[in-house]
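The block underneath contains the structure these notes are about, expressed in structure tokens.
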Amino acid sequence: MNPLLIDVPLQIETERLILRAPHQTGDGNIVNQAIRDSFKELKAWLPFAQELPSVEETEVNLRNAHIIFLKREGFRFLIFRRDTNDFIGSASFHGIDWDIPKCEIGYWINTKFSGYGYMTEAVKELTDFGLNHFNFKRIEIRCESTNQRSRSIPEKLDFEFEGTLRNDDLSADGSKLTDTSIYSIVR
């Protein structure tokens, strides 16, 4: 089946969270503020957070993410608390190979919401959605081997640790080689 024909909801809900595709004008403001609030932590791990983006740059990024969503090449979701509508972070399916089918899940969280299990809840929901709605045969989570907070999520969700690729990637700032830990769930 052509992936463009797959129906994908723009919103998924869990007990505490709403995961919503970035399709509303103005999403750039709230996402940009979360990047600013969490810049120190994000900068250590994520190439996109090496310099503070402008609100306009964030808005353009989110509109491009929506286009990618519509083309079924990736699915980014913005994460909000159901009770307060506070923006928590982002999680996405990317690196999709529809021939297998398989994907990778990536995520980041606004630091002030870290430690409450929100990202674990969001990634669990995306994993279940990917396995059941998209019928993915493999879902990976890849992260820098020293990023213990990121690694704890697939470990809590019973992803299998497949190994570490040594000297696999550049650090977020591009200054040194890093190792990548790979976790997966297969069906």
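The values are calculated or read from the model by the stated rules, or taken from the named source; none is laboratory data. These numbers were taken from a predicted model, which means no experiment stands behind them. For neighbour counting, all protein chains shown are included, and Cβ atoms are generated from backbone atoms with ideal geometry for every residue, glycine included. Accessible surface areas use protein heavy atoms only, side chains included; no ligands, DNA or RNA. Shrake-Rupley method; radii C 1.70, N 1.55, O 1.52, S 1.80 Å.
When the residues of the stretch 101-123 are filtered to those that are part of a helix (DSSP H, G or I) and touching a residue at least 40 places away in the same chain (Cβ under 8 Å), which remaining residue is nearest to Arg76 (Cα to Cα)?
Among those residues, the one meeting the criterion is Ala122.
Among the strands (runs of 3 or more DSSP E) lying completely within the stretch 11-100, list those that include at least 2 residues that are surrounded by 15 or more Cβ atoms within 10 Å (Cβ to Cβ).
Where strands (runs of 3 or more DSSP E) fall fully within the stretch 11-100 and carry at least 2 residues being surrounded by 15 or more Cβ atoms within 10 Å (Cβ to Cβ), they are 17-20, 75-81, 87-97.
In the stretch 151-165, how many are of a type in the set (Gly, Ala, Ser) and closer than 15 Å to Ile105 by Cα?
1
Residues of the stretch 48-72 being touching a residue at least 60 places away in the same chain (Cβ under 8 Å) and closer than 26 Å to Glu125 by Cβ, which ones?
Hits for the stretch 48-72 are Ala49, Phe69, Lys71, Arg72.
Please enumerate the residues belonging to the stretch 1-47 that are of a type in the set (D, E, K, R) and over 17 Å from Gly106 (Cα atoms).
Matches in the stretch 1-47: Asp7, Glu13, Glu15, Arg16, Asp27, Arg36, Asp37, Lys40.
When both residues are 6+ apart or on different chains and their Cβ atoms are under 8 Å apart, which pairs have a first residue that lies in the stretch 154-178 and is at positive phi, and a second that is of a type in the set (Ser, Thr, Tyr) and open to solvent by less than 90 Å² (accessible area, probe 1.4 Å)?
Gly163/Ser181; Asn167/Thr178
Table: residues versus (1) closer than 22 Å to Pro3 by Cβ; (2) among the hydroxyl-bearing types (Ser, Thr, Tyr); (3) crowded, with 16+ Cβ neighbours inside 10 Å.
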| site | (1), (2), (3) |
| --- | --- |
| Ala122 | no, no, yes |
| Thr127 | yes, yes, yes |
| Asn132 | yes, no, no |
| Asn135 | yes, no, no |
| Ile139 | yes, no, yes |
| Arg151 | no, no, yes |
| Lys156 | no, no, no |
| Arg166 | no, no, no |
| Asp173 | no, no, no |
